[in-house]
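One structure is given here, and the rest of the page talks about it.
The values are calculated or read from the model by the stated rules, or taken from the named source; none is laboratory data. From a predicted model like this one, the values you see are computed outputs, not experimental measurements. Here Cβ is always computed from backbone atoms with ideal geometry, including for glycine, and neighbour counts include all displayed protein chains. Remember, those area values only see protein heavy atoms, side chains included, never the ligands or the DNA or RNA. Shrake-Rupley method; radii C 1.70, N 1.55, O 1.52, S 1.80 Å.
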Amino acid sequence: MEVRSMHFKARAGAAAADKALQAKLSTAKGLFVEGRKRAVAEIDLEATREASKAIRDTCLADLDVWLERFEQEATKRGGRVLWARDGAEICRLVVDIARRHGVKKAIKSKSMLSEEAGLNAALEAAGVEPVETDLGEYILQINGNEHPSHIIAPAIHKTKEEVAELFERVHHRPRKTDIGEMTREAREMLRAHFLSADMGISGGNFLVAETGSVALVTNEGNGRMVTTLPRVHVVITGVEKVIPTLEDLATLMRILPRSATGQTISNYFSVLTGTKRPGDTDGPEHHYFILVDNGRVGLVGSDFQDMLRCIRCAACMNHCPVYQTIGGHAYGWVYPGPMGAVLTPLYVGIENAIELPHAATLCNQCGVVCPVKIPLPDLMRKLREQQVERGLRPWGERAALRLWSWLARHPGLYALAAKLGVRYLNWLAEGEDRIRVMGIAPSWTAGRDFPAPEGRTFRELYKTNRRDR
Amino acid sequence: MKVGLFVTCLVDLMRPRIGFAALRLLEAAGCEVVVPASQTCCGQPAWNSGDRRAARLLAEKMIAEFEGCDYIVAPSGSCVGTIRTHYPELFADDAAWLERAAALGSRTYELADFLATVAKLDKLPGDFTGTVTYHDSCSGLRELGVKAQPRALLAKLPGVTLTEMNGAEECCGFGGTFSVKFGEISARLAEKKCENMRASGADAVVLGDLGCMLNIEGKLRRLGDERTQVLHIAEVLAGEA
Ligand code: SF4
């Protein structure tokens, strides 16, 4: 997918004023946040988070070992494991597979890696018709290949009315107003594709090393059809998704749906192992796994390894005040919200996403809900550090910070500067208790007043008071 | 009990009366309070901006100034969060400093936390009357676990009725330099906070951090609300509100 994270500031500013967008986000937020709260109350949350973190850390500590084990087990069961260094390699591999099996149409269930790679465009260019079958992704695809704005609810930025209008326009059927009816219409449209596709492409929530299986968590049932109806099934997922055992999978499944949608268990949960065997009624004849690096391997052993624990539940963005205000598109790449603010710079280059690690109040609402205890604000702070070390911050900001920190180490001069600063602010307040326009920080006073200081600094007053005593 | 009062740079600059209120409360709790004259800033802005070197120099200064005290108290959750949670990260590669940083951190408290859990202050000088709602600041709440302490203290004031607002634990949008770098988002978050506060019907919002205070008061006034007071917990408890 084209990287547009460098335009974050302008897009975020516009989105911040979009109250209609915020209304849509807040409905979903209510659902996800309240749902999660209820669902996590059913388990020993802290113990499960700790256990989940430990599982993910174990895999990452010996990632190569678990990946090799996975490859062996999957191969034993008829699968083929392929490795992709980046998005371009994903596209090449999938197109090759499609050619080899004479594929004309590929049905897809949700895969973020396919977004990273821009796979749909590559398939189309190779003469293969890609059809998104996740309802949200389908809506975006028929709306001119729009980008998702949330990792589990890709069309969260659309209202029911907008979708009704889109369906009427694209499906050429009378407009529906009921969500149930609209969904039924989409299913009818998709049914023919399900039955005529030669290839299914899915993501993978987890890869289980001991059995060579892929685990899929979905709510719409499309994932089952994508992975079992066509003769070829291609799983595309990041190398970090491997976990050692089915037992580990059970632990992670206690926390993933609860954190994501507030469900005790998702509507569908599939563990797919091997190709179709003699006597099986369904399943693919050819099973491929494309395991992708695209920046992940470089994070192993780095300051950012914690980020690889991510299980893509979206709790961080659902709870993020900034995401809830600007939505996902402003982030400019595949992953929005706090996890995106960390992942995007790491995957597309720190210099291409300068603003993202700063687009957070560091309130740590994300860190406390993350099911695998990723310290997201700490990671954003580390990215900020790297920007400073590489001289990527604007000149003015660096100079101001340097001057301020020098003053703060020279108390006499600092006291003087504070004294003058307070006088200056009071002068700006023009005798009122607030400053309405502040030339040195116009973006503050554009949206709110700045309260005026009392008049003298604490240290001035303390000196006088003590002398009085 | 010798307590070092870390006034914090924003209180020094903007609201000295909060510093004096804190002083009064600590004295009411029977502490011997010292206010090191050379104190400036804990280094939080540098740390959050990614300037590790500057943050470290300021942390060293802070540690040297305050390590002679039995306790260090500040009327700000985010400054205490910096000292307690982040100083050790700053000195991770320097055993001698790390020990000093950790020792200081373990004795550093947010004001309400200190008054409620360490000093166990029972008789408060404050006489505020009215309905208040408490805004949990992010660092205080999520780094230090300050939640019940300020509420317990407020409950000791007979004239105060506490009413909880929706989203009390949600960020007000300040975030230090975030408030200027992303002014539109910041102001929008402050607006949501103000809506929740006003819906609670409180006469005043009470809080424990200067950043939130400036942000919330600035937004309330811009929205034309001249009535709702924005008070630091120290002012309310010390009777200076
Ligand atoms: S960072 Fe944590 S909360 Fe966010 S999507 Fe990943 S696992 Fe979920």
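Numerical summary
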quantity: Filtered residues of region B:119-169 (kept if away from every other protein chain (no Cβ under 14 Å), in a loop (DSSP other than H, G, I, E, B) and among the hydrophobic types (A, V, I, L, M, F, W, C)); calculated: B:Ala119, B:Leu121, B:Leu124, B:Phe128, B:Leu157, B:Met165
quantity: Every residue from region B:9-36 that is open to solvent by 10 Å² or more (accessible area, probe 1.4 Å), more than 7 Å from chain A (Cβ to nearest Cβ) and either closer than 13 Å to B:Ser76 by Cβ or at pLDDT below 95 (or both); calculated: B:Cys9, B:Leu10
quantity: Selected residue [open to solvent by less than 10 Å² (accessible area, probe 1.4 Å), touching a residue at least 24 places away in the same chain (Cβ under 8 Å) and either in a helix (DSSP H, G or I) or among the hydrophobic types (A, V, I, L, M, F, W, C) (or both)] from B:Cys212, B:Cys172; calculated: B:Cys172
quantity: Considering residues of region A:129-155 that are in contact (Cβ under 8 Å) with a residue 40 or more places away in the chain and more than 20 Å from A:Leu31 (Cβ to Cβ) only, the residue surrounded by the most Cβ atoms within 10 Å (Cβ to Cβ); calculated: A:Thr133
quantity: Matching residues, region A:375-393, being in a loop (DSSP other than H, G, I, E, B) and more than 15 Å from the ligand (Cβ to nearest atom); calculated: A:Arg390, A:Gly391, A:Leu392, A:Arg393
quantity: Any hit, region A:299-321, residues being away from the ligand (no atom under 12 Å from the Cβ), closer than 30 Å to B:Lys192 by Cβ and touching a residue at least 24 places away in the same chain (Cβ under 8 Å); calculated: yes
quantity: Positions within region A:342-355 being within 14 Å of the ligand (Cβ to nearest atom), open to solvent by less than 10 Å² (accessible area, probe 1.4 Å) and either out of contact with any Leu (no Cβ under 6 Å at 6 or more places or on another chain) or modelled with pLDDT under 95 (or both), in sequence order; calculated: A:Leu343
quantity: Pairs with Cβ under 9 Å, 6+ apart, first in region A:47-63 and open to solvent by less than 40 Å² (accessible area, probe 1.4 Å), second at pLDDT below 95; calculated: none
quantity: Criterion (touching a Ser or Thr at 6+ places or on another chain (Cβ under 9 Å), in a helix (DSSP H, G or I) and buried (at least 23 other Cβ atoms within 10 Å of the Cβ)) met by exactly one of B:Ile83, B:Ile72; calculated: B:Ile83
quantity: Residue within region A:65-82 that is within 17 Å of A:Arg296 (Cβ to Cβ), part of a helix (DSSP H, G or I) and either of a type in the set (Ser, Thr, Tyr) or open to solvent by 70 Å² or more (accessible area, probe 1.4 Å) (or both) present; calculated: yes
quantity: Top-ranked residue of region A:159-173 - restricted to ones that are assigned to a loop (DSSP other than H, G, I, E, B) and modelled with pLDDT of 95 or more, ranked as surrounded by the fewest Cβ atoms within 10 Å (Cβ to Cβ); calculated: A:His172
quantity: Hits in region A:304-322 - residues which are of a type in the set (Lys, Arg) and either within 14 Å of chain B (Cβ to nearest Cβ) or open to solvent by 10 Å² or more (accessible area, probe 1.4 Å) (or both); calculated: A:Arg312
quantity: Scan of region A:414-441 for residues that are part of a helix (DSSP H, G or I), open to solvent by less than 80 Å² (accessible area, probe 1.4 Å) and more than 7 Å from chain B (Cβ to nearest Cβ), ordered by number; calculated: A:Ala415, A:Ala417, A:Leu425, A:Asn426, A:Leu428, A:Ala429
quantity: Complete set of residues in region B:175-209 that are open to solvent by less than 10 Å² (accessible area, probe 1.4 Å), more than 8 Å from every other protein chain (Cβ to nearest Cβ) and in a helix (DSSP H, G or I); calculated: B:Lys193, B:Cys194, B:Met197
quantity: Matching entry among A:Val372, A:Val334 (being within 16 Å of the ligand (Cβ to nearest atom), over 30 Å from A:Glu46 (Cβ atoms), open to solvent by less than 10 Å² (accessible area, probe 1.4 Å) and more than 8 Å from chain B (Cβ to nearest Cβ)); calculated: A:Val334
quantity: Those residues of region B:18-68 which are in a helix (DSSP H, G or I) and free of Cβ contacts under 8 Å to residues at least 12 places away in the same chain, in sequence order; calculated: B:Glu27, B:Arg53, B:Ala54, B:Ala64
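Rundown of residues vs (1) open to solvent by 20 Å² or more (accessible area, probe 1.4 Å); (2) part of a helix (DSSP H, G or I), yes/no style:
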position	(1), (2)
A:Thr251	yes, yes
A:Ser259	no, yes
A:Ser266	no, no
A:Thr275	yes, no
A:Asp280	yes, no
A:Ser302	yes, no
A:Ala330	no, yes
